[in-house]
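Engineer: Before anything else, here's the structure in question.
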Amino acid sequence: MDIILVPGFWLDASSWEKVAPALEAAGHRPHPLTLPGMEAVDADRSGIRLRDHIDAVTAAVDKLDGKVVLVGHSGGGAIIHGVVDARPDKVERAIYVDSGPLGEGDVINNQLRAEGDGIPLPPWEEFEDADLVDLDEGLRKSFRARAIPEPKGVAYDPQHLHDTRRYEVPATVIACQFPSSLLLEWIDAGHPFVAELSRIRDVEYVDLPTGHWPQFTKPAELGQAILAAVDRTDRASDRNR
């Protein structure tokens, strides 16, 4: 199975370096992506919008034969949902890592402070304690050293969706900083934060208790959670043949 790995804010393809080998060892083909404007700290981020990131991942999907699995961490969850909307027939499963699908008109985070065309990684003091669980001083130091400013337009632009067939694509939510039981409570209460997620017909929830960056804090466990979701997808595909 081709597995496209979409990083969250401030990260490039290398952020998956401790997760991708397990997927490859299991016989899959991981494709970690570096999105436009995230090539380097001094990359040109002017004019890069949310749609540019969605289009870049869609282009990666189109280059591959057959269906793919999409994995999106954090803000990457909004991006892969835009791709599911653009190519519902090409996506076997969408896996949201401490993230979820972003609905029509919603933005990823327009509260982040921009400096020019980019949003630098904020000081740790500005994150919630739940974000930073297991992210020790060494991991914080290495994360900050590799962090790349996020294009402002990606964080601030509203999501635009067009194809309701996106709700037919199975999804897995790997819940880290919030347990899946809380997400289900929000769905039952009609919380707008999970409104788009509640419309997807087939969603499984997997708990991986840690902070917001499991690819750093629990990469082996994250790899196994992704593999389990892909294996269930493969078995379902076999039954439908």
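Quick note: the coordinates plus some simple rules give every number you see, no bench work behind them. Everything numeric here is computed off the predicted structure, so don't read it as measured data. Positions of Cβ are generated from backbone atoms using ideal geometry, with glycine treated the same way; all protein chains shown enter the neighbour counts.
Engineer: For the stretch 136-241, please list each of the helices (runs of 4 or more DSSP H) lying entirely inside it that holds at least 2 residues being acidic (Asp, Glu) and surrounded by fewer than 16 Cβ atoms within 10 Å (Cβ to Cβ).
Structural biologist: 180-189, 219-240
Engineer: Only one residue in VAL19, VAL57 is farther than 22 Å from THR210 by Cβ and of a type in the set (A, V, I, L, M, F, W, C). Which one? Before you say what the answer is, go through the steps one by one.
Structural biologist: Numbers: VAL19 fails: farther than 22 Å from THR210 by Cβ.
Every option except VAL57 fails the conditions.
Engineer: Hey, among the residues in the stretch 156-207 that are aromatic (Phe, Trp, Tyr) and farther than 16 Å from VAL97 by Cβ, which one's farthest from the chain's Cα centre (by Cα)? Please lay out each step first, then the result.
Structural biologist: Step one: of the stretch 156-207, the residues aromatic (Phe, Trp, Tyr) are 156, 167, 178, 186, 193, 205.
Still in the running and farther than 16 Å from VAL97 by Cβ: 156, 167, 186, 193.
Working: TYR156: 17, TYR167: 17, TRP186: 20, PHE193: 16 Å.
Going through the qualifying residues, I end up with TRP186.
Engineer: Is at least one residue of the stretch 60-69 touching a residue at least 12 places away in the same chain (Cβ under 8 Å), aliphatic (A, V, I, L, M), more than 29 Å from ASP234 (Cβ to Cβ) and surrounded by 19 or more Cβ atoms within 10 Å (Cβ to Cβ)?
Structural biologist: No, the stretch 60-69 contains no residue that is touching a residue at least 12 places away in the same chain (Cβ under 8 Å), aliphatic (A, V, I, L, M), more than 29 Å from ASP234 (Cβ to Cβ) and surrounded by 19 or more Cβ atoms within 10 Å (Cβ to Cβ).
Engineer: Out of all the residues in the stretch 137-145, is one or more over 22 Å from LYS67 (Cα atoms), among the charged types (D, E, K, R) and under 19 Å from the mean Cα position of the chain (by Cα)?
Structural biologist: Here is the first cut: in the stretch 137-145, the residues over 22 Å from LYS67 (Cα atoms) are 137-145.
Those still in the list that are among the charged types (D, E, K, R) too: 137, 140-141, 144.
From the residues that got through so far, the ones that are under 19 Å from the mean Cα position of the chain (by Cα) too are none.
Taking every residue of the stretch 137-145 in turn, none turns out to be over 22 Å from LYS67 (Cα atoms), among the charged types (D, E, K, R) and under 19 Å from the mean Cα position of the chain (by Cα).
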